[in-house]
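Take a look at the structure below.
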Amino acid sequence: MNKTVKMLSTALLFFSLAIGGIIAPFEQSAHAAAAKYKAYVRCYSLKIRNKPSSKYKTVRTVHMNTRITVLGQKKGYAYIYSGGKSGKRGYVQNKWLKGKIDSRRAHVTVSAVNARAGAGTQYKALKTLHRNEKITISGYHGGWYGFKHGRVTYYIGAKYIKMGNPPKVSAAPPKTVKLSYSPVNAYTAYVGYDNLKVYHDTNSKSAVVTTLREKTAVAVIGQNGDWMRIRTNDGKEGFIFKDNLTTDLKRFDPPAGAYGVDLSHWQNDRSGGTINFNAIKSSGNSFVIIKATEGSNWSDNTFSANAHQALNVGLKVSAYHFFRAATSGQAVAEANNFANVLNRSGFNNDNLGYLFIDVETTNDIKGNVKEILSNNVNVFLNQIRNRGFSKLGIYTGANFYKNYIDMSRIDQPQRMLLWIARYRGQDTNNGVGTDFQVDIWQYTSNGTVPGVSGAVDKNVSYYDPNAM
């Protein structure tokens, strides 16, 4: 019995080997009709099935222009391999394969369009293309073109694409520009007057290009009659009347006297909080006039430090108050505010120079403005005298002085100083040019002084230099 079983087992083994030898070559030969070759997916997405029919299981999905290896053919299906070490074998229809990536040159026809991760607006926008930007189309799916950039495949709506290169834009012939001026060899000149307008054309009714401060350096590049074509440091161009320019900086210097500056917290703010009074003195100035107060209750919180620092370096120090009073009662309150701040800062009539009332506004006075304002100024000055200060003066502009200050209404038991602002630009060298005596002339608000950042009011005193 055992011998019979053994013989039967041996017979079955040989039968199985024989059958296996027949079946294996048959399965391999089923895909041997064509030699192995490379192909590419030509549709948007393609499912690889485990058997040659769409009813069988999907083993992997590949996308447009994916490279696959065709191993054989069966019933209109290609037996393929896709992927590297983790690749899959299976079947796809031959009609969705192509031997090479078909590519066509195309370009964008709209100003901007999104290129997406898939063929549809539901897919993420990956980049934006612009009009006439070139792309190479490598596939089409449902109204969307596919194209590659680097290793990434993008999709873009076909309606925004046109095949071929973008149209060539012919360069427009250069336009002949007729200059509105005769060019000159460029030279440097200086703006003659403060806040001078630069015009677009050669008349003061044309558009204003920019406004320049006095002494601003410009390049003169042309001329049209009495108008000069200029270019600013920041590239703006326009016209200035020729008499408003000069090449001589000495014209901005006043006739000699004792030089000084007036200061307030504005200069501290622009200078990082600290003014270098040593530098002010070393540059030829002998006095400073420093703002202390304004109105009936405001005081400049930099006054005390500024005044003492100026005294410590040997500068003569005077102070001023900005006048706001519309009534005599307000004038008294303002005088007391001024005197109180001076006293708290350690100053009196002996260790301080002149005290100036700064009168620049009419303070909403109704009626006879000149008479009322002058009376109020007189009340202020008398109250300052009552507080122990006798060296006094008035600051104002030349035109304001003539229109609103009546000196016959102002008491002068001791001669007061008249400090006048008048900015004459390139005519400064001719003097203040008033028909009344001026003791201190503020000749520019656009000065520069070492030790202070930004524009500074500069003054020259023609009164006793030792007093200032």
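Quick note: the coordinates plus some simple rules give every number you see, no bench work behind them. Quick caveat: nothing in here was measured; it's all calculated off a predicted structure. Note: ideal-geometry Cβ built from the backbone for every residue, glycine included; neighbour counts use all protein chains shown.
What is the extension gain from Asn132 to Ser54, computed as 0.36 nm multiplied by their sequence separation minus the C-alpha to C-alpha distance, in nm to one decimal? Write out the running numbers ahead of the final one.
Numbers: separation 78, 0.36 × 78 = 28.08 nm, distance 4.17 nm.
Additional length available on full extension: 23.9 nm.
Which lysines, if any, have their Cα less than 16 Å from the Cα of Lys316, not counting same-chain residues under 8 positions apart?
Filter leaves Lys281, Lys291, Lys391, Lys458.
Using a Förster distance of 30 angstrom, determine the FRET efficiency expected from the C-beta separation of Phe400 and Ala256, and round it to 0.05.
Details: r = 27 Å, r/R0 = 0.89.
Once the sixth-power term is evaluated, E becomes 0.65.
Percent antiparallel among DSSP beta bridges with both residues in region 251-461, to the nearest 5?
Values: 12 of 39 bridges.
So the antiparallel bridges amount to about 30 percent of the total.
May I have the extent of the alpha carbons of region 33-101 along their three principal axes, as whole Å values ordered from largest to smallest?
Between the extreme Cα coordinates on each principal axis of region 33-101 lie 28, 25, 25 Å.
Taking the beta-carbon count within 10 Å as an exposure proxy, list His130, His265 from fewest neighbours to most.
Values: His130 10, His265 15.
Lowest count first: His130, His265.
Reachable aspartates and glutamates from Lys168, Cα under 20 Å, same-chain residues fewer than 8 places away excluded?
Glu133
What length, rounded to one decimal in nm, is gained on full extension from Ala158 through to Arg387, with 0.36 nm per residue of separation minus their alpha-carbon distance?
Full extension from Ala158 to Arg387 adds 73.3 nm.
Tell me which trypsin sites (Lys or Arg not before Pro) from region 138-181 have a DSSP coil assignment and no more than 15 other beta carbons within 10 Å of their own.
Arg151, Lys168, Lys175, Lys178
Run the numbers for His63 and Ser180: contour at 0.36 nm per residue of separation, minus the present Cα-Cα distance, in nm.
On the way: separation 117, 0.36 × 117 = 42.12 nm, distance 6.51 nm.
Result for the pair: 35.6 nm of gain on full extension.
Going through region 188-282, which chymotrypsin sites (Phe, Trp or Tyr not before Pro) have at most 11 other Cβ atoms within 10 Å and a DSSP loop state? Intermediate values should be presented prior to the final figure.
Working: sites: Tyr190, Tyr193, Tyr199, Trp227, Phe239, Phe241, Phe252, Tyr259, Trp266, Phe277; in loops: Tyr193.
Passing both the DSSP loop test and the Cβ count: no residue.
Report the dimensions of region 77-216 along its three principal axes from the alpha-carbon atoms, largest first, rounded to Å.
Computed over region 77-216, the largest-to-smallest principal extents equal 91, 33, 28 Å.
Reachable aspartates and glutamates from Lys242, Cα under 12 Å, same-chain residues fewer than 8 places away excluded?
Correct list for Lys242: Asp226.
Could you check how many percent of all C-alpha pairs in the chain are farther apart than 30 Å?
Details: 74782 of 109278 pairs.
When all Cα pairs of the chain are counted, 68 percent exceed 30 Å.
Which residue, Thr396, Gln412, Asn378, has the largest displacement toward the positive end of the dipole of the chain when charges sit on each Cβ (Lys, Arg +1; Asp, Glu -1)?
Of the candidates, Thr396 comes out farthest on the positive side.
Counting only Cα, what are the radius of gyration and maximum Cα-Cα distance Dmax of region 164-278, in Å?
21.4, 81
With each label point set 7 Å from Cα along the Cα-Cβ vector, what nm distance links Asn233 and Arg415?
Rounded to a tenth, the inter-label distance reads 4.3 nm.
Using Cβ contacts closer than 10 Å as the measure, can you line up Met416, Met407, Met163 from fewest to most? Let's see the in-between values first.
Values: Met416 20, Met407 14, Met163 10.
If I rank by nearby Cβ atoms, fewest first, I get Met163, Met407, Met416.
Looking at the chain, send over the antiparallel percent of its DSSP beta bridges, to the nearest 5. Don't skip to the answer; put the middle values down first.
Values: 81 of 108 bridges.
Roughly 75 percent of the DSSP beta bridges within the chain come out antiparallel.
When DSSP beta bridges are limited to those with both residues in region 33-101, what percentage is antiparallel, rounded to the nearest 5? It would help to have the intermediate numbers written out before the result.
Numbers: 23 of 23 bridges.
That works out to approximately 100 percent antiparallel.
Would you compute the Debye intensity of region 416-468 from its alpha-carbon atoms alone, equal scatterers and no solvent, and pass along log10 I(q)/I(0) at q = 0.19, 0.21, 0.27, 0.28 Å⁻¹ to two decimals?
Normalising to I(0) and taking log10 leaves -0.69, -0.81, -1.10, -1.13.
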